[in-house]
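The values are calculated or read from the model by the stated rules, or taken from the named source; none is laboratory data. Being a predicted model, the structure only gives us computed values, none of them experimental. Glycine also receives a Cβ, built like all others from the backbone with ideal geometry; neighbour counts cover every protein chain displayed.
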Amino acid sequence: MDDKTFRQIWKKLMESDKITIIPHLNPDGDALGSGLGLYWTLKKLGKKVKIYNKTTPLPYYLDFLPGFDQITNQYPKDTQVVVSVDCGDFDRLGIEERPPFLINIDHHYTNPNFGDLNLVDRGGPATAYVVYQLLKRNRAELTPEGATGLYTGILTDTGNFQYETVTGDLFRAVADLVDAGANPGWIGQMLYQRDRLSRLRLLAKILDNIRLLLNGKVAFSFATQKMFRETGATKEDTETISSQLRNIGPVEIGLFLREEEDGSVKVSLRSKEKVDVGKISVKLGGGGHARAAGATLPNTSIEEALKIILPLIEKELKATGVLEESTKENSPKKEIESPHLQQITKPEPPDISEKKEESPLSVTSSPNSPTIEKV
Ligand code: 5GP
Ligand code: MN
């Protein structure tokens, strides 16, 4: 990222009026945080700036971000310049046509520089950190609202400052964001102390189904549509699961598969220190980072998806020396053919007619009981 690009992008933004910021589809803390970080400064400079995302609903756990309610799902037709934030490729924007001018701000190493101007910190900690540098280098003012978004983006994309992407310079930027009005205590509370009972109930089911595969180097679990119906949880409630799987002591890779409403399977991968899961995701038609990546496999089942993914994982585990070449008894084939897995991944028919009358006393076995669901 050279000085010239920082200047060119700012010049273009200052010359333009109708600017649309687009965080990636199914946005996370960095996508919305970096988008809103830029939004507030441009707004203060008098720009007609909009922030657009096609995803509805947006993740509820990010609703505390200042400007969250300004995010529109109507693409502004008269846009002059689009700024894409945290999008690893053009498809992640959720727009069909290329805008008149496209600025691409990101940190995915797989980013193919799809913009007219590209500011990509490949392998860097967060897009929010790139936006921070863009504002600082051009002496633009940070607002407390924008600083809150940028802090949230950095916090969430570094696993709360745990990853190897964290540097002294990043902490100095974070200190500056706190001085500008980001409140770490409040943001932490908003992100991590507003959990929903339905999410914990789903988590219990997912954790109960964990299986260790490939010599214990892969922790795998999944969520089916039935599990969502039974618990009342929603898909964004699974955001942290693949990391939790990876966090098991001897495990190198956390693999989480989520059955989607449209019959596709969302793949989420995390690694600890050796395997580049971004590489695996690209082979699956997705993308991401070395330690966190994902993809969506259309028209498939969890079981079928596993048959495609496990050999790719096995290959990378062997190539990086995590797994020895001859671990036949732990081959993925054997695991897939396990009757237990067949049973737990077998698609279930919709349970519309399954609703049973529950006794008000059966609290522990009745997640749908209104008396306990409204916690
Ligand atoms: P997650 O596992 O949380 O969905 O995603 C982890 C990382 O992989 C994120 O940085 C996200 O942008 C990227 N990612 C997840 N799914 C996809 C996908 O379908 N396509 C691409 N290009 N990147 C993805
Ligand atoms: Mn990011």
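Of note:
- Members of the stretch 144-171 that are more than 16 Å from ligand 1 (Cβ to nearest atom) and among the charged types (D, E, K, R): 145, 169
- Matching residues, the stretch 148-170, being in a helix (DSSP H, G or I) and closer than 16 Å to residue 62 by Cβ: 148, 149, 150, 151, 152, 153, 154, 155, 156, 157
- The stretch 79-129, residues that are over 21 Å from residue 282 (Cβ atoms) and either of a type in the set (Ser, Thr, Tyr) or without any contact (Cβ under 8 Å) to a residue 12 or more places away in the chain (or both): 79, 96, 97, 98, 129
- In the stretch 93-109, residue farthest from ligand 1 (Cβ to nearest atom) [restricted to those that are at pLDDT 95 or above and of a type in the set (D, E, K, R)]: 98
- Meets criteria (polar (S, T, N, Q) and outside any loop (DSSP other than H, G, I, E, B)) for residue 74: no
- Index of the failed condition, residue 185 passing every other in (1) in contact with a strand residue (DSSP E or B) (Cβ under 9 Å, 6 or more places away or on another chain); (2) free of Cβ contacts under 8 Å to residues at least 60 places away in the same chain; (3) not hydroxyl-bearing (Ser, Thr, Tyr): (1)
- The criterion of being in a loop (DSSP other than H, G, I, E, B), at pLDDT below 95 and either more than 16 Å from ligand 1 (Cβ to nearest atom) or in contact with a Leu (Cβ under 6 Å, 6 or more places away or on another chain) (or both) holds for residue 141.
- Test result for residue 114, modelled with pLDDT of 95 or more, within 13 Å of ligand 1 (Cβ to nearest atom) and farther than 23 Å from residue 148 by Cα: yes
- Residue in the stretch 263-272 that is at positive phi and surrounded by fewer than 19 Cβ atoms within 10 Å (Cβ to Cβ) present: yes
- Among the conditions (1) within 16 Å of ligand 2 (Cβ to nearest atom); (2) assigned to a helix (DSSP H, G or I); (3) acidic (Asp, Glu), residue 176 misses just one, which is (1).
- Scanning the stretch 273-295 for residues that are of a type outside the set (A, V, I, L, M, F, W, C) and either in a helix (DSSP H, G or I) or crowded, with 18+ Cβ neighbours inside 10 Å (or both) turns up 276, 278, 279, 281, 283, 286, 287, 288, 289, 291, 294.
- Number of residues in the stretch 231-272 that are near ligand 1 (Cβ under 10 Å from one of its atoms), under 16 Å from residue 209 (Cβ atoms) and in a helix (DSSP H, G or I) equals 3.
- Among the residues making up the stretch 72-120, those that are of a type in the set (D, E, K, R) and either more than 16 Å from ligand 2 (Cβ to nearest atom) or surrounded by fewer than 19 Cβ atoms within 10 Å (Cβ to Cβ) (or both) are 77, 78, 89, 91, 96, 97, 98, 116.
- Selection status of residue 69, under 28 Å from residue 159 (Cα atoms), among the acidic types (Asp, Glu) and surrounded by 23 or more Cβ atoms within 10 Å (Cβ to Cβ): no
- Every pair of residues 6+ apart whose Cβ atoms lie under 7 Å, when the first sits in the stretch 275-300 and is farther than 18 Å from residue 239 by Cα while the second is within 8 Å of ligand 1 (Cβ to nearest atom) and not aliphatic (A, V, I, L, M): 282/110
One line per residue, one yes/no per condition, for (1) aromatic (Phe, Trp, Tyr); (2) more than 16 Å from ligand 2 (Cβ to nearest atom); (3) at pLDDT below 95; (4) in contact with a strand residue (DSSP E or B) (Cβ under 9 Å, 6 or more places away or on another chain):
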{"position": "8", "(1), (2), (3), (4)": "no, yes, no, yes"}
{"position": "12", "(1), (2), (3), (4)": "no, yes, no, yes"}
{"position": "19", "(1), (2), (3), (4)": "no, yes, no, yes"}
{"position": "23", "(1), (2), (3), (4)": "no, no, no, yes"}
{"position": "28", "(1), (2), (3), (4)": "no, no, no, no"}
{"position": "35", "(1), (2), (3), (4)": "no, no, no, yes"}
{"position": "48", "(1), (2), (3), (4)": "no, yes, no, yes"}
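- Total residues in the stretch 1-54, condition hydroxyl-bearing (Ser, Thr, Tyr) and within 16 Å of ligand 1 (Cβ to nearest atom): 1
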